[in-house]
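These notes are about the structure you will find just below.
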Amino acid sequence: MKVVIIQTSIEDGNINSNLDKIRKFVNIHEGDIYLTPELSLTGFKGFLNEEEVSKMTKDLPCIGVGFREREGEKKYNAYIISCSGDIVYKRRKYMLFKPMREHEELEKGELPRPFEFKGVKFAINICYEVRFPELFWPLAKGVHAFIIPAAWPKVRVKAWRTLVRARALENFVYTLGINRWGEGLFGPFGGNSLAVLPNGEELMISEGEGILSVDIDLELVSKAREFPAFEDRLTLAR
């Protein structure tokens, strides 16, 4: 399976502009699934509901997009996987980030859970949640790849790279970190989107907008987990 990571700048509140930019990136690179940063549709201003996102992504292939969601009186930081407008998975952020005042406006979502797409098992942890290995480890045995969409500020981008690598190395899975780039509310944002393979190898976009293509090989996950640390960690957890 080919996963395409899209590192892009985002205009807070300019949903149409953000969507047009995503479309352009999708059109220039072939993949099975495309992944964009946290809040890639709305940024930190404005809200959408699930039906609106479904309509907006109807002309797109399978893609992960983030948005501030309004459901009745409640508001969330949400990320969905949409295939031609069909919502096949949705995750709402559980660990809200106080420095960006998420806790003042948004409700806590649910804990991460796995989903399967074309034979690959994924789980999504959103931005700040990468700091908490407790959210990853319960899922590790049952997934092949973690998706981490983020709006991570440039000032802490070294920590971002380190944390994404750590979650990959301790869980022996593909770990795909998709970060926002450029100016905006709470920015500037640092980019440095990266894919860490189960064997520790990594691919990365540094600064600027761009795309990164990653082939998911399930045999590489199985081979990496032959290293005794994986089973030893399972034993320790029990």
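The values are calculated or read from the model by the stated rules, or taken from the named source; none is laboratory data. Note that the structure is predicted; figures quoted are calculated from it, not measured. Positions of Cβ are generated from backbone atoms using ideal geometry, with glycine treated the same way; all protein chains shown enter the neighbour counts.
Assorted remarks:
- Taken residue by residue, the range 101-110 has no member that is out of contact with any Lys or Arg (no Cβ under 8 Å at 6 or more places or on another chain) and surrounded by 18 or more Cβ atoms within 10 Å (Cβ to Cβ).
- No other residue among E129, E134, E202 is charged (D, E, K, R), surrounded by fewer than 21 Cβ atoms within 10 Å (Cβ to Cβ) and either touching a Leu at 6+ places or on another chain (Cβ under 9 Å) or touching a residue at least 24 places away in the same chain (Cβ under 8 Å) (or both) apart from E202.
Let's see how each residue does on (1) of a type in the set (D, E); (2) outside any loop (DSSP other than H, G, I, E, B); (3) surrounded by 15 or more Cβ atoms within 10 Å (Cβ to Cβ):
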position: T162; (1), (2), (3): no, yes, no
position: L176; (1), (2), (3): no, yes, yes
position: E207; (1), (2), (3): yes, no, no
position: L220; (1), (2), (3): no, yes, yes
position: E231; (1), (2), (3): yes, yes, no
position: T235; (1), (2), (3): no, yes, no
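- Count of residues meeting criterion [farther than 21 Å from I216 by Cβ and assigned to a helix (DSSP H, G or I)] in the range 23-43: 3
- When the range 71-103 is filtered for residues that are closer than 16 Å to N125 by Cα, in contact (Cβ under 8 Å) with a residue 24 or more places away in the chain and in a strand (DSSP E or B), the ones remaining, listed by number, are Y76, N77, A78, Y79, I80, I81, Y89, K90, R91.
- Single residue of F122, F97 found to be surrounded by 15 or more Cβ atoms within 10 Å (Cβ to Cβ) and more than 14 Å from the chain's Cα centre (by Cα): F97
- Scanning the range 1-51 for residues that are more than 21 Å from I126 (Cα to Cα), over 19 Å from the mean Cα position of the chain (by Cα) and surrounded by 15 or more Cβ atoms within 10 Å (Cβ to Cβ) turns up just one, N14.
- Hey, E107 touching a residue at least 12 places away in the same chain (Cβ under 8 Å), out of contact with any Cys (no Cβ under 8 Å at 6 or more places or on another chain) and over 30 Å from L220 (Cα atoms) or not: yes
- Members of the range 140-160 that are modelled with pLDDT under 95 and either surrounded by 20 or more Cβ atoms within 10 Å (Cβ to Cβ) or among the hydroxyl-bearing types (S, T, Y) (or both): A140
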